[in-house]
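Structure in C-alpha cells, see below.
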C-alpha cells in the first residue's frame, strides 16, 4: 500500500489553517459584540478543525471499498435525516433555514452529509450502470430522479445554495461518466426555457436576478451584501491593509466569517492574498483530479472526481458571489468559511480521497 | 465511525473491483478527457474570478475606496480662517483669532448621564438640554451657542475631563483689532463667520474659506476605530487689500471722535480720496458701532454708511462745480470781471439772499468764490444757462450712483431739466435744491482739481492669495470721462487755494502745504421745509494745491454750541486730516504757496532765523517774535530747537542751548 498524497494533505492543512486565522481576524469584532468573547468563533472552529483532522487521518486508513457495500444504507439514513430535520422540534432554524440538528451552539447540517453520501451512491450507481449510461431513460433518469428528491428535501429547508451544489456535483459526475453531451445541452435548454418562462410571467424577477450587476440600485436591500463586499475588496488594493486591519469587519459586513470571508481576505491581503487563495484551491482541485485519473478503480475514480468537483464548484460559486459575478446564493467557501459540520464533512471527504490515493498505479 | 473501523483495512476487495477495468482502456481515456475538460473550465472560472478581483481592486479602486472612505470616516470639521482685510500697506483691519468649540459624537458617548451632567455644569446649560444633545441620533452634534467659541479656561476644563465622544475643534473667530474703526465699511460677521454687512458681506464669497476636517474611522455602529486620523487642512479665505491708508483713516477716526465730543452732532462723516485715481484713502461715519457687539445696535446705525448712503443739499461745496463749468465755458474772467453784491439778488420775483447780511459789496469773481457769495454764483449760473449747468452736473457724476464698491450707495436727486426755471437754476448754482451724496461730491471735486478726469471711486485694491499674499485680482483706476480741461482744472485749484489762503476757508490753512478747499453750509430739509438752526456744515479740502495728493471731505450734521458754518466747524477738522495725510503720504512742504491773509486776531506763522553761533544778545534780538528758553551756560548759542527756517506761530517757544 502506497503513501497518501502529501501535496493534497499539505494544501488542505494550509488552506484550513489560513481559514482559521481569517475566521479569527474577521469575527473577533462581532464575537466580542455578541458573546463578549472575541475568540468565540476561533475556539469553536479550532475545536472542529482538530476533530476534523483526526477524522481525516482515521478515514484515510479505512479502505474505501467499504462504502461501495454500505452506500445504500448511507443513502437511506441520509434521506431519513433530511426528512427529520424538517420537523419542528427536531430540526432547528438558523438564518431562516431549518437545516440543523443543534445542541447548544453546536450544529450539524444533514444536507452537508447528504452531499458526500450522494457522491458515494452515485459513484456506485455509475459503476453498476456503466453500460446503460448511453440510454438516458434507463441510465440517467433514475439517478437524476433520486437527486431531484434530495434536492426537493433540501429546498424544503430551504437551502438553495446547498441544493444547487448537490445537483451540480451529480451532473458533473454524469458528464465525466460519459453521458451524451447532447443530454446536458437539452437540460441546459430546458433550464433556460424555464427561466425565460418565469421572467415572462413576472418581469420583476429579471430585475431581481440582474440586481447584482448594479447593486447600488438597492443599496440597503438586495444590493447591501455585495456593496459591503466590494467596499472590502476594492480598498484592499494590491497588498491590502494587513492582517487584522479590515475595516468592513467592523459591523459593516454582516457575519464576515461566513459566506463573505473572501472579501475580508481581499481587504487584509489585497490582490496578493486573492492569488494565494486561488492557487491553493487550484492545487487542491488539480491534485484531486490527478488522483482521480490515476485511480484504476472506476468507483474510486468517480468518488474522487465527485468530491473534488464539489470543492471546485462550491468555491467557484462562493467566490463569484463575493466578487459580484453572480447573484447571492448563500454557499460557504470550503475549508475557509466558519462552520463546524461543513468542515468535518469536507475533511471526511478528503480522508476518503487520501485513502484512494494509496491505491494509485 | 466505529462500524468502519471494524470493517476497514481489508485489501481483499481491491481485486474484486479491478478485474474488468484493465481491458477497458478506451473508456478510461474518455473519462480522463472529460475530467480534463472540467479542470480547464474550473481554471478558466478561477481566472475569471481573479480578473474580476483585479478589476475591483485596481480599475475600480479609486471609486470604491472613495465610497468606502466616506462610509468609514466621520469628519470633525475644522473651520478655515476667513480672509483678512488689510489697508493698502498691509495693516490688518479684520483679523482672525482661534477659538475652540465643542463637538459631540453621541455614538461614542457611553455614559450619557455622566457626560451630560459634567458638561452642563461647565457650560451652564441645563442637564435636560445637555442630555438631549449627548443622546441625539446623529453622527456629529454641536451645542449651539453655549458650546461655540469657548474661552480657554472652559475649553481646558472640558479637555481635562477626557470624556469619550467629546471633542474640541478649532474654530476661527473674526477679530477687529481696532474695534469701531471703519465699522460701517468693514462690516461684521455672524456666529458662523458669515459676512452680514459692509465689505464682509460684499466680499463674503472671497473671504470665506473652505472647511477642513479631521477624519477618523468608525465602525458601522459609530464607534471610533484605532486607526490613524487623516488631517485635511482647511482652505483659508482670500485676503482683501483695501485702498485705505491706515494712518489717514486713524486721523479721520480720531478727528470725527473729537468732533462728536466737541459739537455733539446728530451725525458726522468724512472721506479722504486720492484725486489722481479715485482710491478711497479713508472713510468713516458717526454714529459708528462695535462689530463684535453688533447685536447692541439698530439696523440703521449699522447699515447707514453715511459717506455713500446719505443724500442732502451740499450747500456751497457744490459751487466748485458751477465754478469749474463757468471756467471751462470761458464765461468768466475771475480777475477782471466784477460783481457788486448788495446782499441779495432778485430772480423772477424771488429774492435770494447772500449768507452775509448787507452783502460783500464790489468784488472780482475771484473774491466771489473766496467769499462764497451766493448772488455772485447766481450770476455764473445765469451765464451758463440751465442746459449747460445741468450738463456739467451730469458729467461730474451727480444724479446717479458712482459705482463705488461699497453697498448701500445712494443716487441723489436733481431737478428734472424740464422743471428748471430761473429760480431753480439760481439755487442749483450755489448748491441748494439738489441732493447729493458725499462720495459723489468728493469724486466730482477730485475730477475738478486733478486735471479734469472723473474716476470711478473704489476701495478694494486687490484680492490676495491667503498663504503668499500674491495678488489674484487687482483693481486699477478707472476713468469715467474727461469733464474739463487741464487749464480749467488748474484755475479751479488756484481759486480754491485762494479760498483757503484768503477767503472763507482760512481755518483749513496749513502752513507750508498748499491747501485748496471750499466751505459748505446747507440747511436741512424736513417735510419739504428748511429746518431752522439745523445745518450740515461741511468742508472739501485738498493738498497740495499744485499737485493734489489727497482730497478730504468732512460733513458735520447739526453741530451744537457753535456757529454752524463750514468754515468754523468742518474746516479745522479737514485741516488736521490733511496734515496727517500729507505726512502719511510723505508729501514735501511747498514754498511757493499763496500766503495766508491774516486777520488781526489770527496768529501768524514766522520763519525762525538761524541763531546758532551767535551771541545771546544777538539771538534775543533776532528772536523777538518768539518766547526764548535757555539751557546750559555760556555766551554763545550751541544749538536751537526748532532748527532754523522752521515756521512756527509767533509767540511760541524756541529753546536754545548755550556754550562758551
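The values are calculated or read from the model by the stated rules, or taken from the named source; none is laboratory data. Keep in mind that this is a model prediction, so the values were computed, not measured. Cβ sites come from the backbone with ideal geometry, for glycine too, and all protein chains shown count toward neighbours.
Within segment B:281-300, which residues are closer than 19 Å to residue B:252 by Cα and out of contact with any strand residue (DSSP E or B) (no Cβ under 6 Å at 6 or more places or on another chain)? Spell out how you get there, then give the answer.
Within segment B:281-300, the first condition is being closer than 19 Å to residue B:252 by Cα, and the residues that meet it are B:281-291.
Matches in segment B:281-300: B:287, B:288, B:289, B:290, B:291.
Now, a different point. Any idea how many residues of segment B:94-137 are touching a residue at least 60 places away in the same chain (Cβ under 8 Å) and loosely packed, with under 15 Cβ neighbours inside 10 Å?
Count: 2.
Kindly check whether there is at least one residue in segment A:252-262 that is touching a helix residue (DSSP H, G or I) at 6+ places or on another chain (Cβ under 7 Å) and under 22 Å from residue A:172 (Cα atoms).
The answer is no; no qualifying residue exists.
Does residue B:200 qualify as being more than 30 Å from residue B:122 (Cα to Cα), in contact (Cβ under 8 Å) with a residue 40 or more places away in the chain and surrounded by fewer than 15 Cβ atoms within 10 Å (Cβ to Cβ)? It would help to see each step written out before you state the result.
Values: more than 30 Å from residue B:122 (Cα to Cα): yes; in contact (Cβ under 8 Å) with a residue 40 or more places away in the chain: yes; surrounded by fewer than 15 Cβ atoms within 10 Å (Cβ to Cβ): no.
No; evaluated as a whole, the condition is false for this residue.
Read through the list (1) under 19 Å from residue A:346 (Cβ atoms); (2) surrounded by fewer than 24 Cβ atoms within 10 Å (Cβ to Cβ); (3) at the interface with another protein chain (Cβ under 10 Å from one of its Cβ atoms), then give the number of the only condition that residue A:312 fails.
Unmet condition: (2).
Do the conditions hold for residue A:142, that is, is it out of contact with any helix residue (DSSP H, G or I) (no Cβ under 9 Å at 6 or more places or on another chain) and farther than 20 Å from residue A:307 by Cα?
no
Would you check if there is a residue in segment A:262-279 being crowded, with 24+ Cβ neighbours inside 10 Å, within 18 Å of the chain's Cα centre (by Cα) and either under 20 Å from residue A:163 (Cβ atoms) or at the interface with chain B (Cβ under 8 Å from one of its Cβ atoms) (or both)?
No, because not a single residue in segment A:262-279 is crowded, with 24+ Cβ neighbours inside 10 Å, within 18 Å of the chain's Cα centre (by Cα) and either under 20 Å from residue A:163 (Cβ atoms) or at the interface with chain B (Cβ under 8 Å from one of its Cβ atoms) (or both).
Need the failing condition index for residue B:582 against (1) surrounded by fewer than 24 Cβ atoms within 10 Å (Cβ to Cβ); (2) over 21 Å from residue B:503 (Cα atoms); (3) modelled with pLDDT of 90 or more; (4) touching a helix residue (DSSP H, G or I) at 6+ places or on another chain (Cβ under 8 Å), just the number.
That leaves (4) as the condition not met.
How many of the residues in segment A:29-54 are at pLDDT 90 or above and either touching a strand residue (DSSP E or B) at 6+ places or on another chain (Cβ under 7 Å) or within 15 Å of residue A:339 (Cα to Cα) (or both)?
15
While we're on this one: Go through segment A:30-60 and report how many residues are out of contact with any helix residue (DSSP H, G or I) (no Cβ under 7 Å at 6 or more places or on another chain) and more than 14 Å from chain B (Cβ to nearest Cβ).
Counting residues in segment A:30-60 that are out of contact with any helix residue (DSSP H, G or I) (no Cβ under 7 Å at 6 or more places or on another chain) and more than 14 Å from chain B (Cβ to nearest Cβ) gives 5.
Here's a follow-up. Does segment A:338-354 hold any residues that are assigned to a helix (DSSP H, G or I) and either within 24 Å of residue B:34 (Cβ to Cβ) or away from chain B (no Cβ under 12 Å) (or both), and which are they?
A:340, A:341, A:342, A:343, A:345, A:346, A:347, A:349, A:350, A:352, A:353, A:354
Please give the number of the condition residue B:267 fails out of (1) surrounded by 21 or more Cβ atoms within 10 Å (Cβ to Cβ); (2) in the same structural domain as residue B:544 (by TED's automatic domain parsing).
Only one criterion is unmet by residue B:267, namely (1).
Which one of A:353, A:326 is crowded, with 23+ Cβ neighbours inside 10 Å and either under 25 Å from residue A:51 (Cβ atoms) or touching a residue at least 40 places away in the same chain (Cβ under 8 Å) (or both)?
Checking each option against the conditions leaves just A:353.
If you go through segment A:244-256 one residue at a time, do you hit one that is in contact with a strand residue (DSSP E or B) (Cβ under 9 Å, 6 or more places away or on another chain), within 7 Å of chain B (Cβ to nearest Cβ) and either more than 17 Å from residue B:50 (Cα to Cα) or not in a helix (DSSP H, G or I) (or both)?
Yes: segment A:244-256 contains one or more residues that are in contact with a strand residue (DSSP E or B) (Cβ under 9 Å, 6 or more places away or on another chain), within 7 Å of chain B (Cβ to nearest Cβ) and either more than 17 Å from residue B:50 (Cα to Cα) or not in a helix (DSSP H, G or I) (or both).
A further question on this structure: Within segment A:322-337, is even one residue at the interface with chain B (Cβ under 9 Å from one of its Cβ atoms), part of a helix (DSSP H, G or I) and farther than 19 Å from residue B:33 by Cα?
Scanning segment A:322-337 turns up at least one residue that is at the interface with chain B (Cβ under 9 Å from one of its Cβ atoms), part of a helix (DSSP H, G or I) and farther than 19 Å from residue B:33 by Cα.
On the basis of being out of contact with any strand residue (DSSP E or B) (no Cβ under 6 Å at 6 or more places or on another chain), closer than 30 Å to residue B:204 by Cα and not in a helix (DSSP H, G or I), does residue B:463 make the cut?
No, not satisfied.
Counting only residues that are outside any loop (DSSP other than H, G, I, E, B) and modelled with pLDDT under 85, which one in segment B:225-251 is farthest from residue B:284 (Cα to Cα)?
B:230
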